[in-house]
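Reading through the structure tokens given below for one structure.
The values are calculated or read from the model by the stated rules, or taken from the named source; none is laboratory data. The shown structure was predicted, so the numbers you read here are calculated from the model rather than taken from an experiment. FYI the Cβ positions are ideal-geometry reconstructions off the backbone, even for glycines, and counts take in every protein chain you see.
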Amino acid sequence: MRPLLRLAGATFALSAVSLSVLPAFGQKVSPAKKAPSTKPAARAALAGNYGGKLVISPTASLTILFRVGGTAAKPTATMDVPEQGAKGIPVEETVVKGDSVTFRLPGLGVTFAGVRSKGGKTIAGTFAQGGQSLPLTLTRMTKEAVVVRPQTPKPPFPYRTEEVAYANPKAMGVSIAGTLSVPAGAGPFPVVLFITGSGPQDRDETIMEHKPFAVIADYLARRGIASLRVDDRSVGK
């Protein structure tokens, strides 16, 4: 039987019996009409963003982020794994019972089960997938989680970059856009043309927010080698 979705800390109204004076004999009394409620549904007490580091090995870890919303009667959640570029994965079952919180994603074989701290700032529990279970403590976040990628080049650069485009003579009206990186100095310089592998990709060959072509182009330009990297057709510009 699927567990009932309940939210810890939710306020439940108790049924009450109102005593009223009996009407005079023969007096007709119309049943009272219940005024439509204009009060919005109670927001889930668990609502917010919770994140933590899942330690896989002494040298590897993943950020796990759950975004909880919905109402007290029906909380909802999604899961992000920023390092893998995974965002907004629907949590199919969000179960809250007392201080216990469970997020289930059967399609991925993922279950997180934990217990909320007294103040609700943390949820300490276990992250399970594929028969493996690892400890995971989620902390309520006040700021958005951002994956820091120090390898991604950031301006100002010690070389020149230029947005360029050239026409495809075999396809009328089709042009290909890219970025030309040229070392400082008079030149001439050797030039490298970047070509992506299978599948549509942008000029930086962005994969799960990592930009390998931009990293390599930066490395080459700093060492006296120019480069051109372009978007695949139907991608980017």
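A few remarks follow.
- Residue match in the stretch 92-101 (condition: assigned to a loop (DSSP other than H, G, I, E, B), free of Cβ contacts under 8 Å to residues at least 40 places away in the same chain and surrounded by 13 or more Cβ atoms within 10 Å (Cβ to Cβ)): yes
- Single condition Val146 does not satisfy, out of (1) touching a helix residue (DSSP H, G or I) at 6+ places or on another chain (Cβ under 9 Å); (2) modelled with pLDDT of 95 or more: (2)
- For Ala217, the criteria (1) surrounded by fewer than 17 Cβ atoms within 10 Å (Cβ to Cβ); (2) among the aliphatic types (A, V, I, L, M); (3) touching a Lys or Arg at 6+ places or on another chain (Cβ under 8 Å) hold in every case but one, which is (1).
- On the stretch given as the stretch 200-224, residues that are in a loop (DSSP other than H, G, I, E, B) and under 24 Å from Arg149 (Cα atoms) total 12.
- Total residues in the stretch 62-90 satisfying the condition of being within 18 Å of Leu134 (Cβ to Cβ) and more than 10 Å from the chain's Cα centre (by Cα): the figure is 4.
- Restricting Ala128, Ala124 to those that are closer than 21 Å to Ala45 by Cβ and not β-branched (Val, Ile, Thr) reduces the list to Ala124.
- Going through (1) more than 32 Å from the chain's Cα centre (by Cα); (2) surrounded by 11 or more Cβ atoms within 10 Å (Cβ to Cβ) one by one, Gly173 falls short only on (2).
- Selection within the stretch 102-118 - assigned to a strand (DSSP E or B) and either touching a Lys or Arg at 6+ places or on another chain (Cβ under 6 Å) or at pLDDT below 90 (or both): Thr111
Let's see how each residue does on (1) under 17 Å from the mean Cα position of the chain (by Cα); (2) not polar (S, T, N, Q):
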site	(1), (2)
Gly98	no, yes
Phe112	yes, yes
Ala124	no, yes
Gln129	no, no
Lys143	yes, yes
Arg149	yes, yes
Thr152	no, no
Glu162	no, yes
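- Within the stretch 183-204, considering residues that are surrounded by 10 or more Cβ atoms within 10 Å (Cβ to Cβ), over 17 Å from Val215 (Cβ atoms) and over 30 Å from the mean Cα position of the chain (by Cα), the one modelled with the lowest pLDDT: Gly187
- Only listed residue being in the same structural domain as Lys53 (by TED's automatic domain parsing), touching a residue at least 12 places away in the same chain (Cβ under 8 Å) and aliphatic (A, V, I, L, M), chosen from Leu180, Leu105: Leu105
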